[in-house]
Amino acid sequence: MEFTVNIQPELMMSYIWLILGGAVLVISAGFFVTLFRFRLKKRVRKYKPPKPPKKPAPEYTRNHALKQIDKCIYDLNHGRADIRESYQNMSTVMRTFVSDMTGIDVTSMTLFELQALNDKRLSELIEKWYAPEFAMKTQADFMNDAEQAKHAVKRWN
């Protein structure tokens, strides 16, 4: 019996294709190793803590407080807030202003704690505003108290 198909010699293809295929595999492997190495370095990298925010300039803080007091006056005059809310807002403005200027958080301190700080300016204002701030009705003169608050803000060191 005669065979029409002859056995081909081993490695009939050219050696150049074998070398080229191996080179492509080595280059691809190198690319992926480098890619994953950089990704792992990014994950392991330690992050620096964020820098604390810069304290605003005293003049900016002072002007902002004066604008907020004017806003309290405007809201009272235009019926957006009643006198009680106006006193509460003005107290918040003054406490925030003092916190920004001194670095001591006085926004949530009671009157007794404010008096213990030995800062007469703020504690006297807050003490004067306590009655109208917590009373349902009051005869207090908000405009005079707002002017005193502005005066305290302008003279604050």
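Only the coordinates and a few stated rules stand behind these numbers; no lab work does. What you are looking at is a predicted structure, and each value in this text was computed from that prediction instead of being measured. Note that we place each Cβ from the backbone using ideal geometry, even for glycine, and neighbour counts take in every protein chain shown.
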Task: Residue-span extension gain [Arg39 to Asn63] - 0.36 nm each, minus C-alpha spacing - done: 3.8 nm
- [ ] Could you work out the longest stretch of the chain that avoids the trypsin sites (Lys or Arg not before Pro) located in DSSP loops with at most 12 other Cβ atoms within 10 Å?
- [x] 81-136
Task: Check: the chain dipole with +1 on Lys, Arg Cβ and -1 on Asp, Glu Cβ, in debye - done: 700
Open item on the list: Tell me the Kirkwood radius of the chain: reciprocal of the mean inverse pair distance over distinct alpha-carbon atoms, in Å.
Closed with: 21.8
Open item on the list: Helix-only estimate, please: 222 nm mean residue ellipticity of the chain, summing -39500 (n - 2.57) across DSSP H runs of length 4 or more and dividing by its residues, to the nearest 500.
Closed with: -22500 deg cm²/dmol
Task: Environment charge of Ile69, counting only residues whose C-beta is closer than 13 Å and scoring Lys/Arg +1, Asp/Glu -1 - done: +2
- [ ] Could you work out how far helix 83-102 tilts from the main Cα principal axis of the chain, as a 0 to 90 degree angle to the nearest 10?
- [x] 60
TODO: Output the relative contact order of the chain, whole-number percent, from Cα pairs under 8 angstrom with separation of 6+ residues.
DONE: 22
- [ ] For each pair in Lys55/Lys150; Lys71/Lys154; Lys54/Lys154; Lys120/Lys150; Lys71/Lys128; Lys71/Lys120, compute the distance between the two Cα atoms and list the pairs where it is over 18 Å.
- [x] Lys55/Lys150; Lys54/Lys154; Lys71/Lys128; Lys71/Lys120
